[in-house]
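The values are calculated or read from the model by the stated rules, or taken from the named source; none is laboratory data. The shown structure was predicted, so the numbers you read here are calculated from the model rather than taken from an experiment. When we count neighbours, we look across all protein chains shown, and the Cβ atoms used for this are built from the backbone with ideal geometry, even at glycine.
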Amino acid sequence: MFNITDVKQLIEAVDASSIRELSYEGEEGKLTLRKDTHQTTHTAVQQPATVEPTLAPVEQKPVNDEAVAVNSEKEVNYDHVIHSPMVGTFYLTSSPDTPPYVEVGDTVTEKSVVCIIEAMKLFNEIEAEVDGTIVEILAKNGELVEYNQPLFGIKKA
């Protein structure tokens with residue numbers, strides 16, 4: 001059976017993304033999420049034993065521009081920000097006993113992996129997007145990040 005916490009996180013991720021439908025089928029059953037542009041997301045879960053629980057619609061929260069804006073009082077030494085492409089848990093390392101992908105001062109290329117974001121037990125590698133130097137890490141290791149949340153400040157090469 002699907003874990004309700006994981007399903008809720010997936011609903012939030014679909015709500016925050018531009019995709020309209022997501023289907024997943026595994027040993028625990030089948031999950032389909034559809035997004036209507038006029039309503040909130042609805043979910044239907046079908047278990048192998050034909051149990052069909054339905055979750056209530058998830059209320060969409062407007063993106064708060066102030067929450068993602070860089071603090072104007074702080075001097076910014078970078079000219080590019082890597083934003084989170086999804087809701088999930090932010091990790092600077094691939095496992096607890098390995099060194100971080102990047103640290104402040106590291107030089108990266110546009111294909112350099114800078115972190116991973118775990119969403120629904122899937123680990124998504126996030127690339128630097130530009131050539132440059134890591135100036136600031138804006139998210140904390142192991143914490144939940146929101147869609148479009150700033151993760152890294154990079155000074156372009």
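For the structure I just gave you, tell me whether F152 is within 15 Å of the chain's Cα centre (by Cα) and more than 29 Å from Y24 (Cβ to Cβ).
On the way: within 15 Å of the chain's Cα centre (by Cα): yes; more than 29 Å from Y24 (Cβ to Cβ): yes.
In short, yes.
In the stretch 20-31, the residues that are surrounded by 13 or more Cβ atoms within 10 Å (Cβ to Cβ) form Cβ pairs under 8 Å with partners that are hydroxyl-bearing (S, T, Y), at six or more places apart or across chains, as follows: L22/T32; Y24/T32; K30/S23; K30/Y24; L31/S23; L31/Y24; L31/T43.
Across the stretch 78-99, the number of residues qualifying as in contact (Cβ under 8 Å) with a residue 60 or more places away in the chain and of a type in the set (D, E, K, R) comes to 1. Here is the figure for the stretch 126-151: residues that are among the acidic types (D, E) and either exposed (fewer than 13 other Cβ atoms within 10 Å of the Cβ) or in contact with a His (Cβ under 9 Å, 6 or more places away or on another chain) (or both) total 2. Set side by side, the residues K111, K140, K121 differ, and just one is basic (K, R), in contact (Cβ under 8 Å) with a residue 60 or more places away in the chain and not assigned by TED's automatic domain parsing to the domain that holds Y24, which is K121.
Of everything listed in (1) modelled with pLDDT of 95 or more; (2) out of contact with any Phe, Trp or Tyr (no Cβ under 7 Å at 6 or more places or on another chain), the single unmet condition for V70 is (1).
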